[in-house]
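Encoded as structure tokens, the structure appears first; notes follow it.
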Amino acid sequence: METVAAVDTVIEAVDIYKSFGRVDVLRGVSLSVRRREIVGLVGDNGAGKSTLLKILSGVESCDSGEIRVGGQPVNIRTPDDAHAHGVETVYQDLALAPHLDVAANLFLGRETPRSGVLGKLGFIDKKAMQIACEEDLHLLGLRVRKNLATARVESLSGGQQQAVAVARAITWGRRLLILDEPTAALGVRETKQVLDTVRRVRDERDLSVLIVTHDLPSALRICDRVVVLRLGRDAADFDARAVSIDQLVGTITGVYGGAGERDAGLREDEL
Amino acid sequence: MTEAATPLPRARALVTIARERSGQGLIFVVLLGLFLLFSVMRPSQFPTAFNLRSLGLSASVIALLAVGQTFVIIGGGIDLSVGSVLVFSGVVAAKAINGLGAATSLGAIVLVGTVVGLGAGASWGAVNGFLAVRGGIPDFIVTLGTFGMAYGLAAVITGGSDITTPLKLTTKLGNGNAFGVPWLLLIALVAAIVMQVVLTATRFGRYTYAVGSNREAGRRVGVKVDRQRISLYMISGGLAGLGGFLALALYNNTTIGAHGNDNLVVIAAVVIGGTSLFGGTGSVLGTIAGVLVPVVLQNGFVIVGVPTFWQPVAIGAVLIAAVYIDGRRRTAAR
């Protein structure tokens, strides 16, 4: 892997280890995402994709290793920490509260306070949040129906719910969007919509994107780079234009190392 | 809510909240229907100031417990300990009051009783919350355990017999009026209104719905889920404790044996009021209606001459119907 000028690197995970009990899930994985880059993270079940994602999102913390934002080492121990560093995640299960309306979900955990004393007392400005929510959805082209902001999330279709989760991440994300299996539960048309939106905001809002996915064709179509995770390490790093699906599959399953193989010495016997 | 909002749209908004947020519009219709029915059947007995006053008094203590229970259930939990927490807090408050000496002013008695009652109740709530949230023990079991413990300890403290409290507490507060309205009813109303506002207009209220709707989602957006849930049990315990002190004022003694069913009555009221047992939805407004329906039925049956044994039969049917309607609504939402 070529070295990257620190100034251009939005976020880096360096030599991350994580075990759950006696299971070593991450065994020294490193990953970096550059400015305005869309990186795909692929790998077999159990390769450690979700764990790495959770560490970057602050849902889990790593046992050792370092996360750098803009070249500076940072502590990301809680989702709040991740948010503070401009990292937003769209979880596979979307992490929406179904009984709350769209605006409430968009602002959940970051409610706009009322002005003055009422705000200090914990009163929230629902009207302002509704208006801001409508504007955000409109800007993103995600306003799938009228008065969406006040619709309960449980009344929306799966695709619409995903749009809400994506909108929330884009609205708050300043540096990096992490998408966990964004296309797993979607139809072909909805998948395309989500991917188009991601491309567009990358350009419009100067964001970087990390996509965790099983969907290799989509990954190759949308990503600039594809990183393969295998047995808790980054096994390979491909230019998405220069790699075939066969090559990816081979690297994921360990049948053969592709051109971008980081570490040909990743030996089964060492595991 | 903007400053320009006129009363009419605001009232309409309240109705919308009641209907959309909990699917509970029906219970207000039922309550109003019962009220009109008994009024028409016994116009000289049912809708009188005297009768309404006694209705309000019998509802007020239960209403306090039900308001707290509403928060717990919206947050996805349940609190079976409330009746015993009421008894325990009442006993501790009675001990504190009786320790003050005969010459103590009513104001001091009320202050001490309120603080001790609230404190004792909130402490039980903290125990419930801590064990259920941090200990990972199902709250159904935790609060069943503290239900027994709080009741048992109350009996241990008093040696099993009830403690009498100063008479002036009962004459002035328990049976007393403020502006022509019974004090207890006024206190319950203020508590209900304050808690409804907290639920709908504050961050705390929103997080209450959020932890009941999808706990993990709350955690992932940075809501302090554990702290929120523990506070809900503390609110329930605290209001039960306040109820314990007010019950002293109402009955003039600790009524240790009289609250074994309070938890079931309260949970039924909350559910009848449209709060989902599965969490994430509900309102204090609905709960108040859910408290009043059984009280009005009981009272109306007595006045009309229907044997009061029919009241639990009717309430049971209403309860089952309420859960049925909630289930239908939940299915429709999918």
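The values are calculated or read from the model by the stated rules, or taken from the named source; none is laboratory data. Bear in mind that the values here come from a model prediction, so they are computed numbers and not experimental data. In this analysis, Cβ positions are derived from the backbone assuming ideal geometry, glycine residues included, and neighbour counts consider all displayed protein chains.
Suppose the filter is buried (at least 21 other Cβ atoms within 10 Å of the Cβ), among the polar types (S, T, N, Q), in contact (Cβ under 8 Å) with a residue 12 or more places away in the chain and facing chain A (nearest Cβ under 9 Å); does B:SER236 pass it? Lay out the reasoning, then the answer.
On the way: buried (at least 21 other Cβ atoms within 10 Å of the Cβ): yes; among the polar types (S, T, N, Q): yes; in contact (Cβ under 8 Å) with a residue 12 or more places away in the chain: yes; facing chain A (nearest Cβ under 9 Å): no.
No: the conditions fail for B:SER236.
Please go through the range A:80-94 and give me each residue that is under 20 Å from A:GLY159 (Cβ atoms) and more than 9 Å from every other protein chain (Cβ to nearest Cβ), ordered by number.
Of the residues in the range A:80-94, the ones under 20 Å from A:GLY159 (Cβ atoms) are A:88-94.
Those that are under 20 Å from A:GLY159 (Cβ atoms) and more than 9 Å from every other protein chain (Cβ to nearest Cβ): A:GLU88, A:VAL90, A:GLN92.
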- Those residues that are without any contact (Cβ under 8 Å) to a residue 40 or more places away in the chain and in contact with a Phe, Trp or Tyr (Cβ under 6 Å, 6 or more places away or on another chain), I need them from the range B:167-197; list them, please. B:GLY176
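Tell me which residues, restricted to the range A:55-79, are surrounded by 20 or more Cβ atoms within 10 Å (Cβ to Cβ) and either away from chain B (no Cβ under 14 Å) or part of a helix (DSSP H, G or I) (or both).
Initially, the range A:55-79 is screened for residues surrounded by 20 or more Cβ atoms within 10 Å (Cβ to Cβ), giving A:55-59, A:62, A:67, A:76, A:79.
Residues satisfying the conditions are A:ILE55, A:LEU56, A:SER57, A:CYS62, A:ILE67, A:PRO79.
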- List pairs: first in the range B:208-223 and at the interface with chain A (Cβ under 7 Å from one of its Cβ atoms) and more than 20 Å from B:VAL197 (Cβ to Cβ), second surrounded by fewer than 23 Cβ atoms within 10 Å (Cβ to Cβ) and of a type in the set (D, E, K, R), Cβ under 7 Å, 6+ apart or cross-chain? B:GLY222/A:ASP80
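For the subset of the range B:51-100 comprising residues that are more than 18 Å from the chain's Cα centre (by Cα) and of a type outside the set (A, V, I, L, M), which member is surrounded by the fewest Cβ atoms within 10 Å (Cβ to Cβ)?
First, pick out the residues of the range B:51-100 that are more than 18 Å from the chain's Cα centre (by Cα): B:51-53, B:91-100.
Now restrict to residues that are of a type outside the set (A, V, I, L, M): B:51, B:53, B:95, B:98-99.
Values: B:ASN51: 17, B:ARG53: 16, B:LYS95: 15, B:ASN98: 15, B:GLY99: 9.
Per the stated criteria, the residue is B:GLY99.
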- Message: Suppose the filter is at positive phi, assigned to a strand (DSSP E or B) and modelled with pLDDT under 95; does A:GLY28 pass it?
- Response: yes
- Query: Within the range A:101-115, which residues are more than 8 Å from chain B (Cβ to nearest Cβ), of a type in the set (A, V, I, L, M, F, W, C) and either surrounded by fewer than 24 Cβ atoms within 10 Å (Cβ to Cβ) or closer than 15 Å to B:GLY222 by Cα (or both)?
  - Reply: A:LEU106, A:PHE107
- Query: Is it true that some residue in the range A:134-150 is facing another protein chain (nearest Cβ under 10 Å) and either part of a helix (DSSP H, G or I) or buried (at least 17 other Cβ atoms within 10 Å of the Cβ) (or both)?
  - Reply: yes
